[in-house]
Each structure stands twice: as C-alpha cells, then as structure tokens.
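Presented below is the structure to which this report refers.
The values are calculated or read from the model by the stated rules, or taken from the named source; none is laboratory data. Remember, predicted model here, so these are calculated numbers, not experimental data. Please note: Cβ atoms are built from the backbone with ideal geometry, for glycine as well, and neighbour counts cover all protein chains shown.
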C-alpha cells in the first residue's frame, strides 16, 4: 500500500490568506470605484489643438455638441452615468474636427481633446458653391468664425463620394501641393481653373496670360518649362505681349500673342510728352481767350451820330426810335486834297421872323449841310 501523504497545514494557511487578501482587495476596489462613480464632476476642460493659429471651431461649439445640445447636466450627473463614448462620436461628426478624445481623470475632471482640420485648398464649384478640402481629401464647409486664405480652385464640378469624385479630389490635391511646395509658384499663381475632364488652367499675378496646363502628368517638367520661358522670353520682350501660354505639349511652350500689341513704353518720356501737350493746350486756350476779349470790347463800343436840330414842325411829329448802335469800322486814311479852299463867311442873320423861318426850313431839309463852302479852283 502506498504511504499516505501528509497534508501541510502551512500551505493551507497560505492559500487561505491569499484568497482572503485578494477578495478583500477586489471588494475594496469595487467599493472605491462605486464611490467614485457616484460622485459628481469637479470641472470640464476643453483642449483644441492648433487653436492659436486656426479658429474654425471654438470651445463653446465643442461644449454645445457634446453637452448642451444633448440636454446633459454634466455637473450634476454622476461620473458613472456620463456617456463618454457618445460625446466622442458627436464631436467627431463635426466636419471641422479631425480627431477627438473624451475621458474623466482621477480628479473627476472631464477632458475633451479636439484636433482641428487644416484646409489645403478652397474650391468654388460651377454652381458658385464654396467649400474647403484638407490633406485627407475631406470636405469642410465655410466657417462662420474664421476665413482662411489659401490656394483657390474655381469652376470645379460637383464632387460626389464615388470613384470619379475621389479621383478628382486626388488630382486637385496633387496639383495644389505642387504649387504650395514652391515659393515662386505659390506667389505667382492667383487662381486655378479645373473642368470636368480634369484639365487645369492657371491665372498668374504677373501679366495677364492664361496658362493652359492640361492634366497632372509631368507637372514638374511643365512648371520648369514655364519658368524658363518667363526668364528668357517674357523678361526681355515684356509680360503683356502674349495672351495664352500652352504647356500641354511635352517639352514645349506654345505662346499666342495678344492682338493688338503695343511694345514697352518709356514712362518718363510718355510723362514728359503728356506734360508738354497740356502746356501747349493751355497756351492756345489763353491766346483764344485774349482774342475773344479784344473783339468783344471793340464790338461793344458804339458810334453814335449827332442828332439833327429839330424845327417846330419836326417837334410836333412823333419822335422816331433811337438808332441802333453801329459797330465801329476801321476807316483807311484819305489822301489830302492839294487844292486850296477859301472859306466863305456865313450870311448875316435877318432880324425879321419870316426870314428866320425860311432858314429853319432849309436847315431841316439839309440835315447835315456843311457850314462852309469850298469852291473848286
């Protein structure tokens, strides 16, 4: 028969103590957890990453999304009853939120960590609808709080959540990233135009050229060709000569001249010509004004003839209207007659009245008769 095994009392006691201690710890932890869960929050803290640079979403909006709009009184709700996961899902549903984490720490503080989306391009659709797109090709609406200035793409077709829509988003993002990675092109390109076929067109700041870029294939080569054309051609002949620059052909830049074209003008010479024309015009106007003033003064000086002496018969008649002013005429000087004239003394006046009346009648008939008669030699 096999020998009976002795039962060690020491081992039994060790196992018993281990079970009791473990049970006690579990009970203490559960009790402490229940006590903590029954307590209320001490405060709520909202943390927004990159909020110093961008302001697309504010702390108040986060609180409204997670707490206020859901009708939760977080300060009077036990910690165990807070729906932390639900708060995260609601915050992540906002289009301007890239990531969100919500939790309660040991000091019963509810923390909300939120990361904003950073737009890469602003897109204007063919229907004038405008929105942003970030590096993950996510679409964000315009913010009421903040306007972000970035590369602009216009005439974009409606972007759907299908394969064609995601392909167009990828092309736009690739094109915009290429422009923004170069300091010269990011400063030179003012607007990008895209059509439904994914063909791009550029509008530049220097000059009025329309640049036909084509698709996104060989982008670096096309930009290099355009830069060489700027440096070697437009820098020498002027930035306004060409109207269209076509980069769609490999290794070529096809330039279409503007019609009509005027060469570069020397601004200093054109300014002096402009000043000289103004001075000449003012001198001509002053000469015309002085001539008109002299003519007006000459015409305004009337020459009035002496009125004839009226007789008794003429006095009874109605007075005739005064003669109109006659402008003064320039009379050529007459050559003096070399003949000798002898003055004849006037006749002596008669004392009788009848002779005076006859003389008055004769004077009336001859209104401007001379007082002296000069007989010819």
When only residues in segment 93-107 that are surrounded by fewer than 16 Cβ atoms within 10 Å (Cβ to Cβ) and in contact with a strand residue (DSSP E or B) (Cβ under 7 Å, 6 or more places away or on another chain) count, which is farthest from residue 43 (Cα to Cα)?
-> 99
Residue 240 meets each of (1) surrounded by 12 or more Cβ atoms within 10 Å (Cβ to Cβ); (2) without any contact (Cβ under 8 Å) to a residue 60 or more places away in the chain; (3) under 28 Å from residue 125 (Cβ atoms) with one exception, condition (3)
Meets criteria (at pLDDT below 90 and in a strand (DSSP E or B)) for residue 262 | no
Evaluate segment 204-215: report whether one residue or more is under 23 Å from residue 117 (Cβ atoms), more than 29 Å from the chain's Cα centre (by Cα) and part of a loop (DSSP other than H, G, I, E, B).
-> no
Collect the residues in segment 83-105 that are more than 27 Å from residue 132 (Cα to Cα) and touching a residue at least 40 places away in the same chain (Cβ under 8 Å), keeping them in residue-number order.
-> 104
